[in-house]
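Chemist: After the structure tokens below, expect a handful of questions from me.
The values are calculated or read from the model by the stated rules, or taken from the named source; none is laboratory data. Bear in mind that the values here come from a model prediction, so they are computed numbers and not experimental data. So basically every Cβ, Gly included, is an ideal-geometry build from the backbone, and we count neighbours across all protein chains shown. Surface areas here come from the heavy atoms of the whole protein model, side chains and all, with no ligands, DNA or RNA. Shrake-Rupley method; radii C 1.70, N 1.55, O 1.52, S 1.80 Å.
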Amino acid sequence: MFYKFNINKKLLLIKLSFFFYDCGIAPINPFLPSIAKQRGIPVFVIGIIFTFMPIFNIVARPITGYITDRWRCRKQVFLGASLLNAFFTPLIHFTPDFNDNGHAEDLDIMTHWKFWIFLATITVRMLLWMVGDVLQDTICLEILGDDKKSYGRQRVWGAVGWGISTLLVGTCVDCYSVDKEHKNYLPAYLIAMAFLICHFIVASQLDNNQTCTSKNITKDVIKILSDVKVCSYLVWAVFAGIFTAYIWFYLFLYIEDLANIYHQERLPWIKTIQGFSVTVECCMGEIPVYIMTGYILKKIGHMTAFSVSFAMFSMRFFLYSIIKDPLWVLPVELTNGITFALAFVAGISYAAEVAPSGSAGTLQGLFGMAFHGIGVSLGSFMAGYTFEHMGSSASFELLSYVAFTTFLVQVSVSQLIMRMSRPIENGTAD
């Protein structure tokens, strides 16, 4: 007996969009701190850079959401950001090197014009990523309609792309840099460009489902923000962003520290190890969680998902603090699904559920502002300071205690809010 196998074209396209977009972003984002450090930028200055850049999320994501909601230009802006990013990313390779100009001491390097060219280039690229990222999530949720808990099953393809791309890039950079004093990241820039062009082609086929616009977006959003539960949700998004910043921007520096201090025999293939660590994070750690998020959130709720995430962050950071061999980082990365993915999907889906009609982009922008703009920015500054003054392993030990304290506070506050609002909670987002 033969069964007809139906493929939902809309969902197939959004899956491919996530896949190619993350394939195009992953060759650069995790490697940027290593690229900056190789150019002679001190770790504390790297912390300042990655404190400064995510602050743009505070403005870029909500404004992008508001403008595209107000003027119904979501798809056009999304495609424009993707295509511009494709051609802007390779420019990083051509920014002047300042490793040997005598300015790489503490903050002195920030007075050199070459530093500002490098900073301006990576900042514009990050802004384009921020715009595309928030709009892709919003477009996906528009396509899903009432089935918003299926978001994770679409987003999982971004994790697949991110994991495959980082391993590919790490291996290519190591092979391209054999017998060279420094790693040459040209393959990373070219791979990113190719995947982003593929993304533009796929995303241009997405349906433009932006049909409803709220008549008073500002009033609707203010009304939503007057809910204490929504405000607490944004606070937990900030803490999730702080913890995630240590992983996104400083995990590779930590792996390099372990290799330099304890296992120098790993250095020739350190980029492959770093790339594979992200492959483990995404393809082994995140995929099961993304597939099951609809079921998980239905059973435990959005706030409990944050609680589980914070508890696992605490355990993850403690494991980092006791590891000596870079290869032992790989099994720890399996926890990325419960730490990052669970909290992130809980945040995205909760924003979608409480958003008034026509204000979806604005609410997604507010979540992005809390997570990326405030949380990741604070986390980057904290990581830069603690890595510079305490070292990487001691920094993760301290952060494990901070994450556990956050877990205890978040559970207590959520229980208090639940008792206060229990009569209203039936049938609404939790």
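Chemist: Considering only protein heavy atoms and a 1.4 Å probe, what is the carbon-and-sulfur percentage of the accessible area of the range 153-195? The partial results should precede the final answer.
Modeler: On the way: 1260 of 1850 Å².
Result for the range 153-195: 68 percent of the exposed heavy-atom area is carbon or sulfur.
Chemist: Lys and Arg at +1, Asp and Glu at -1: add these up for the other residues within a Cβ distance under 12 Å of Leu253 and post the number. The partial results should precede the final answer.
Modeler: Numbers: positive: Lys37; negative: Glu256, Asp257, Glu388.
Once positives and negatives cancel, what remains is -2.
Chemist: With point charges of +1 on the Cβ of Lys and Arg and -1 on the Cβ of Asp and Glu, referenced to the Cα centre of the range 32-100, which listed residue (Ala60, Phe50, Phe94) lies farthest in the positive direction of the dipole?
Modeler: Farthest towards the positive end: Ala60.
Chemist: Quick one: accessible area per residue over the range 278-369, 1.4 Å probe, rounded to a whole number of Å²? Kindly include the intermediate steps, with their values, before the conclusion.
Modeler: Working: 2760 Å² over 92 residues.
Here the per-residue accessible area is 30 Å².
Chemist: Give me the extension gain from Leu267 to Ile117: residue separation times 0.36 nm, minus the current Cα-Cα distance, reported in nm with one decimal.
Modeler: Working: separation 150, 0.36 × 150 = 54.00 nm, distance 2.93 nm.
Going from the current span to full extension adds 51.1 nm.
Chemist: Sticking with this structure for a sec: Under unit Cβ charges (Lys, Arg +1; Asp, Glu -1), what dipole magnitude, rounded to 20 debye, does the chain have relative to its Cα centre? Before the final figure, lay out each step's value.
Modeler: On the way: 31 positive and 30 negative charges, 319 e Å.
With Lys and Arg at +1 and Asp and Glu at -1, about 1540 debye.
Chemist: Measuring with a 1.4 Å probe in the full set of protein chains, what accessible area per residue, in whole Å², belongs to the range 40-186?
Modeler: 42
Chemist: Of Trp113, Trp162, Gly80, which is farthest on the positive side of the dipole of the chain, counting Cα position, with +1 on Lys and Arg Cβ, -1 on Asp and Glu Cβ, and the Cα centre as origin?
Modeler: It is Gly80, whose Cα lies furthest towards the positive end.
Chemist: Could I ask something else about it? Output the pairs from Lys148/Lys219; Lys15/Lys324; Lys180/Lys324; Lys229/Lys298; Lys9/Lys298 with a Cα-Cα distance over 29 Å in this structure; if there are none, say none.
Modeler: Numbers: Lys148/Lys219 24 Å; Lys15/Lys324 38 Å; Lys180/Lys324 26 Å; Lys229/Lys298 18 Å; Lys9/Lys298 26 Å.
From the list (Lys148/Lys219; Lys15/Lys324; Lys180/Lys324; Lys229/Lys298; Lys9/Lys298), the Cα-Cα distance tops 29 Å for Lys15/Lys324.
Chemist: Among Met130, Met390, what's the order by accessible area (1.4 angstrom probe), most exposed first? It would help to have the intermediate numbers written out before the result.
Modeler: Values: Met130 5, Met390 90 Å².
Ranking Met130, Met390 by accessible area, largest first, yields Met390, Met130.
Chemist: Calculate the FRET efficiency for Lys219 and Trp328 from the Cβ-Cβ distance with a Förster distance of 60 Å, rounded to the nearest 0.05. Working shown, then result.
Modeler: Working: r = 53 Å, r/R0 = 0.88.
My answer for the efficiency is 0.70.
Chemist: Give me the number: length gained by fully extending Asp179 to Asn260, i.e. 0.36 nm times residue separation minus the C-alpha to C-alpha distance, one decimal in nm. Write out the running numbers ahead of the final one.
Modeler: On the way: separation 81, 0.36 × 81 = 29.16 nm, distance 1.79 nm.
Taking Asp179 through Asn260 to full extension adds about 27.4 nm, to one decimal.
Chemist: What order do you get for 14-25, 280-291 when each peptide is scored by the mean count of other beta carbon atoms within 10 Å, highest first? Mind dumping the intermediate values first?
Modeler: Values: 14-25: 25.2, 280-291: 21.7.
So the peptides 14-25, 280-291, ranked by packing, come out 14-25, 280-291.
Chemist: When the chain is modelled as a GNM with alpha-carbon springs shorter than 10 Å, which of Ile222, Ile139, Ile323 fluctuates the most?
Modeler: Ile222
Chemist: Could you work out how far helix 302-322 tilts from the main Cα principal axis of the chain, as a 0 to 90 degree angle to the nearest 10?
Modeler: Between the helix axis and the principal axis of the chain, the angle is about 10 degrees.
Chemist: Now, a different point. Just from its helices, what would the mean residue ellipticity at 222 nm be for the chain, if runs of 4 or more DSSP H residues each count -39500 (n - 2.57) and the sum is divided by every residue, rounded to the nearest 500 deg cm²/dmol? Each step should come with its number before you reach the end.
Modeler: Numbers: 17 runs with 302 residues, N = 430.
The per-residue figure over the chain is -23500 deg cm²/dmol.
Chemist: Compute the relative contact order of the chain as a whole-number percentage, counting only Cα pairs closer than 8 Å that sit 6 or more residues apart in sequence. Intermediate values should be presented prior to the final figure.
Modeler: Numbers: 678 pairs, mean separation 126.6, N = 430.
So the answer I get is 29 percent.
Chemist: Would you mind checking the tilt of helix 43-71 against the longest principal axis of the Cα atoms of the chain, expressed as 0 to 90 degrees and rounded to 10?
Modeler: The two axes meet at around 30 degrees.
Chemist: Using only Cα atoms, find the angle between the long axis of helix 151-176 and the longest principal axis of the chain, and express it within 0 to 90 degrees, rounded to the nearest 10.
Modeler: 10
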